[in-house]
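Worksheet for the structure shown next.
The values are calculated or read from the model by the stated rules, or taken from the named source; none is laboratory data. As the structure is a computational prediction, the values presented were derived from the model and not from experiment. Glycine gets a Cβ as well: all are built from the backbone with ideal geometry, and neighbour counts include every protein chain shown.
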Amino acid sequence: MFDKLNSRPADSLLALIKAFQADDRPGKIDLGVGVYRDTMGRTPVMRAVKAAEQFLLETQDSKKYLGPEGDLQFVRLLQPIIFGKSPKFTQRLVGIQTPGGSGALRLGAELIQAANPSAKILLGTPSWPNHAPIFSSARLPVKEYAFVDLMSQQVKFESVVDALSSAREGDVVLLHGCCHNPTGIDFTMEQWRRITELLVTHRLVPFIDLAYQGLGDGLEQDAAPTRMILDVVDEALIAYSCDKNFGLYRERVGALYVMTRNVDDIGKVESNMAALARVNWSMPPDHGAAIVRTILESEEMSAMWRAELEEMCLRVNGNRAALAAASPDLAFISRQRGLFSNLSMSRETAVALRMSHGIYMADSGRMNLAGMQPADADAIVAALRAEGCL
Ligand code: PLP
Ligand code: TYF
């Protein structure tokens with residue numbers, strides 16, 4: 001039967017990792033896959049994570065099954081960080097541990113499909129390339145609309161308003177909670193307010209993807225739009241990832257939270273999430289979530305984590321400032337947030353930047369700004385000029 005299969009393209013972002021490794025030119029710069037890098041170009045294990053792993057090594061006395069919900073103390077301890085100290089909607093909130101934010105997106109999509117088979121999901125483009133395939137493969141129809149104009153680096157807000165205004169009651173709207181991937185362009189608070197109004201007026205359900213909390217303007221600021229929306233809508237889903245802000249990538253740490261209209265619906269949602277987890281992965285992997293729980297249970301480790309996350313955030317924003325200072329044509333980069341910025345360029349240009357200049361970015365023109373040092377800004381600007389991007 002396998003001879004009937006067609007080959008499928010590899011993930012071009014992940015393919016860049018290997019291409020960069022194979023390049024032996026000394027000045028090469030990796031702006032490809034979205035991982036944080038420090039001043040030495042490394043993606044380190046965070047200090048608090050090392051401390052928590054040490055603690056777990058010494059104290060963990062069993063690895064017996066926890067169940068499809070995973071580590072519920074992990075799920076609970078993350079809540080105040082995401083939703084604030086005592087939000088009025090706490091009683092209507094239920095969460096489950098998932099394998100990364102990706103697992104949360106998949107589980108959320110399946111839950112939506114089970115609850116409302118006629119729902120569509122609205123997705124602004126460009127978006128993270130895995131969004132549409134994850135939703136479609138869960139049989140949740142995707143309706144795309146234009147979110148950003150890369151030439152002007154501006155949100156197409158009229159297009160966003162049109163898409164939400166013409167959606168049907170019960171449709172779902174995917175929103176990047178902060179640090180938009182791939183553009184770094186987040187809505188202003190004024191725009192978030194308008195979106196919140198539209199969600200309420202048209203009875204739409206927000207599905208918030210929060211994969212970079214703390215890497216934009218800080219933990220609190222990055223959660224502000226999510227909290228504002230949850231304060232007023234009836235129902236919502238939040239796909240959370242700890243893989244970037246705890247540097248746990250390959251450990252696959254995430255959670256799906258669902259806010260229901262009525263407290264009475266919590267039990268139904270809980271049992272459906274557990275049933276869907278069972279048929280997908282049975283139970284989520286433990287180690288990464290145990291690390292996050294251990295950090296959040298300890299004041300000392302939490303303080304270490306917050307301090308290092310802040311250093312990371314400042315470094316990325318410093319790189320943004322360095323690029324903006326190196327060319328007035330890149331001034332917009334200092335106004336964007338998170339790891340990414342997406343220049344408007346052809347695939348051929350992105351390939352030429354790799355081949356002729358050793359500057360690796362996604363074929364789409366997306367750059368991971370954590371991959372550079374401030375001192376690289378001039379070389380990046382010179383290469384962009386040489387290829388006609390500026
Ligand atoms: N959502 C966005 C926007 C992302 O960039 C990522 C990155 O991987 C994810 C979700 C998934 O995160 P995870 O690695 O935790 O699955
Ligand atoms: O967008 C990125 O680079 C990160 C990492 O299939 C990533 O979100 C990229 C591709 C992929 C999974 C994760």
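Figures for the structure shown
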quantity	calculated
Leading residue by the ranking (nearest to ligand 2 (Cβ to nearest atom)) among those in segment 115-141 that are β-branched (V, I, T) and buried (at least 18 other Cβ atoms within 10 Å of the Cβ)	I134
Out of S241, S282, sole residue that is of a type in the set (S, T, Y) and more than 16 Å from ligand 1 (Cβ to nearest atom)	S282
Selection within segment 16-36 - in contact (Cβ under 8 Å) with a residue 24 or more places away in the chain, surrounded by fewer than 15 Cβ atoms within 10 Å (Cβ to Cβ) and acidic (D, E)	D23
Enumeration of residues in segment 103-147 that are without any contact (Cβ under 8 Å) to a residue 60 or more places away in the chain and of a type in the set (V, I, T)	T125, I134, V142
Output for segment 38-56, where each listed residue is of a type outside the set (S, T, N, Q) and not in a helix (DSSP H, G or I)	D38, M40, G41, R42, P44, V45, M46
Some residue of segment 99-119 being assigned by TED's automatic domain parsing to the domain that holds M273 and assigned to a strand (DSSP E or B)	yes
In segment 7-30, the residues that are within 16 Å of ligand 1 (Cβ to nearest atom) and either of a type in the set (S, T, N, Q) or touching a helix residue (DSSP H, G or I) at 6+ places or on another chain (Cβ under 6 Å) (or both)	S12
Segments classed as strands (runs of 3 or more DSSP E), wholly inside segment 125-238, with at least 3 members that are more than 17 Å from the chain's Cα centre (by Cα)	142-146
Matching residues, segment 82-108, being within 16 Å of ligand 2 (Cβ to nearest atom) and surrounded by 21 or more Cβ atoms within 10 Å (Cβ to Cβ)	T98, P99, G100, G101, G103, A104, L105, R106
Inter-residue pairs, beta-carbon under 8 Å, first at negative phi and in segment 89-101, second away from ligand 1 (no atom under 12 Å from the Cβ) and among the aromatic types (F, W, Y), 6+ apart	F89/F83; T90/F83; L93/F83; L93/Y257; V94/Y257; G95/Y257; Q97/F74; P99/W281
Condition check for S152: surrounded by fewer than 16 Cβ atoms within 10 Å (Cβ to Cβ), in contact with a His (Cβ under 8 Å, 6 or more places away or on another chain) and not assigned by TED's automatic domain parsing to the domain that holds S344	no
Segment 252-267, subset farther than 20 Å from H131 by Cα and crowded, with 20+ Cβ neighbours inside 10 Å, residue nearest to ligand 1 (Cβ to nearest atom)	M259
Identity of the residue in segment 333-376, in a helix (DSSP H, G or I) and small (G, A, S), that ends up farthest from F20 (Cα to Cα)	S334
A370 vs. criteria farther than 29 Å from F246 by Cα, among the small types (G, A, S) and touching a residue at least 24 places away in the same chain (Cβ under 8 Å)	no
Qualifying position, being exposed (fewer than 15 other Cβ atoms within 10 Å of the Cβ) and within 29 Å of V155 (Cβ to Cβ), among G388, G365	G388
Any chance D162 is over 23 Å from I195 (Cα atoms), among the acidic types (D, E) and surrounded by fewer than 16 Cβ atoms within 10 Å (Cβ to Cβ)	no
Selection count, segment 37-63, where residues are of a type in the set (A, V, I, L, M) and either in contact with a Gly (Cβ under 6 Å, 6 or more places away or on another chain) or surrounded by fewer than 12 Cβ atoms within 10 Å (Cβ to Cβ) (or both)	3
Per-region count, segment 1-20, residues part of a helix (DSSP H, G or I) and either within 16 Å of ligand 2 (Cβ to nearest atom) or in contact with a Cys (Cβ under 6 Å, 6 or more places away or on another chain) (or both)	9
